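Worksheet for the structure shown next.
The values are calculated or read from the model by the stated rules, or taken from the named source; none is laboratory data. Small disclaimer: the values here were computed from a predicted structure and weren't measured. A quick note on method: Cβ atoms are made from the backbone with ideal geometry, for glycine too, and the neighbour counts reach across all protein chains shown. Please note that ligands, DNA and RNA were not included when accessible areas were found on the heavy atoms of the full protein model with its side chains. Shrake-Rupley method; radii C 1.70, N 1.55, O 1.52, S 1.80 Å.
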Amino acid sequence: MRVISDQEFPAFLPKQIQKIKDPFARNLAFRIERLPVQVSFSDTCIMSSCIRPSIQGNTNPVVLLHGFDSSCLEWRCVYPLLEEAGTECWAVDILGWGFSDLERRPPCDVVSKRDHLYKFWKLYIKRPMVLVGPSLGAAIAVDFAVNYPESVSKLVLIDASVYSEGIGGMARMPIILANAGLSLLQSIPLRLYVNKLVFKNVPFSTNFDWMNISRLHCLLPWWRYATLSFMASGGYKVTSMIKQVRHRALIIWGEDDQIIRYKLAYRLCGELQNAILRPIPDCGHIPHVEKPSAVANLILKFVQEDDCGVTM
């Protein structure tokens, strides 16, 4: 893939973006921008990071969320495939993660994350969306769809972390221990170890580069505050919400997921009112990075199925 070389990265990105080698990540990083979002819990707008679509499609827009402590760069491989197919596609950073400007230290608890996403949708997207959530992003998507059903047309849930009820005792952890935990979470050794669990058969050089991509947002000065704010809120608890979801849903799951057991995909498919399951063989926890073509094709078929008069 050709890397766009005649542009500068957005000034708000950490300077370590220059060290990233992955051409898909570099090309998508050029397109990250911040849009003002007026939220209910602050008197000032939050300059919110996202990838804005370059085209307006004929179907409902696809909105890509990311997983826990991540960013829109998670979609570096799938986003261009969706766009090349003519899809109107947004990649939105969840409040508290990604590259939004949180200099004023707004709350980043579950309620604030939901309100921020809704206000972003209401201001910029304005139409029912196909909401795509991987890992913890699936819990965010379920929570959002139940609270704002009119904003969502369909759901795509990828290796969904929806059966972990919050973050448990970490919400009550003394601040000194919580800070120690965050230092570990931010560390290179832990991130490399997690990547080894997440991805199958990835060379060390690629794993190291992907680790740098995954922790890039952690280098922003407010990352620690935002993560502590989320932890103190107790995290997402959506197990009881799953049966309330009325939207049609596509479940995508890597069959070799070492983080969330594949058998939970069948449980989720059975508890949702209108869902289909599409496993991806020889794939771990993040199919949209490991098997981007397969994920993009599944999303495209799912988005287009009503227009074509067929089902998957």
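Kindly evaluate Lys119 against the criterion of being more than 15 Å from the chain's Cα centre (by Cα), without any contact (Cβ under 8 Å) to a residue 40 or more places away in the chain and open to solvent by 30 Å² or more (accessible area, probe 1.4 Å).
Criteria not met by Lys119.
Could you tell me which residue of segment 206-257 is nearest to Ser164 (Cα to Cα), considering only residues that are among the small types (Gly, Ala, Ser) and open to solvent by 40 Å² or more (accessible area, probe 1.4 Å)?
Once the filter is applied, the top-ranked residue is Ser240.
Quick test for you: out of Leu182, Leu192, pick the one residue that is open to solvent by less than 10 Å² (accessible area, probe 1.4 Å), modelled with pLDDT under 95 and either farther than 19 Å from Thr239 by Cα or not hydrophobic (A, V, I, L, M, F, W, C) (or both).
Going through Leu182, Leu192 in turn, just one is open to solvent by less than 10 Å² (accessible area, probe 1.4 Å), modelled with pLDDT under 95 and either farther than 19 Å from Thr239 by Cα or not hydrophobic (A, V, I, L, M, F, W, C) (or both): Leu182.
Can you tell me which condition Ala265 does not meet? The list is (1) small (Gly, Ala, Ser); (2) over 17 Å from Ser164 (Cα atoms); (3) assigned to a helix (DSSP H, G or I); (4) within 19 Å of the chain's Cα centre (by Cα), and all the others hold.
(2) is the only condition that Ala265 fails.
Output the residues belonging to segment 63-95 that are open to solvent by 20 Å² or more (accessible area, probe 1.4 Å) and in a loop (DSSP other than H, G, I, E, B).
If the condition is that a residue be open to solvent by 20 Å² or more (accessible area, probe 1.4 Å) and in a loop (DSSP other than H, G, I, E, B), then Phe68, Ala85, Gly86 are the ones that fit.
Among the residues of segment 274-289, how many are under 17 Å from Gly133 (Cβ atoms) and either of a type outside the set (Val, Ile, Thr) or outside any loop (DSSP other than H, G, I, E, B) (or both)?
Total satisfying the criteria: 10.
Can you run down the residue pairs with Cβ atoms below 7 Å, 6 or more apart or on separate chains, where the first is in segment 44-58 and over 24 Å from Trp222 (Cα atoms) and in contact (Cβ under 8 Å) with a residue 24 or more places away in the chain and the partner is in a loop (DSSP other than H, G, I, E, B) and of a type in the set (D, E, K, R)?
Pro53/Glu88; Ile55/Glu88; Gln56/Glu88; Gly57/Glu88
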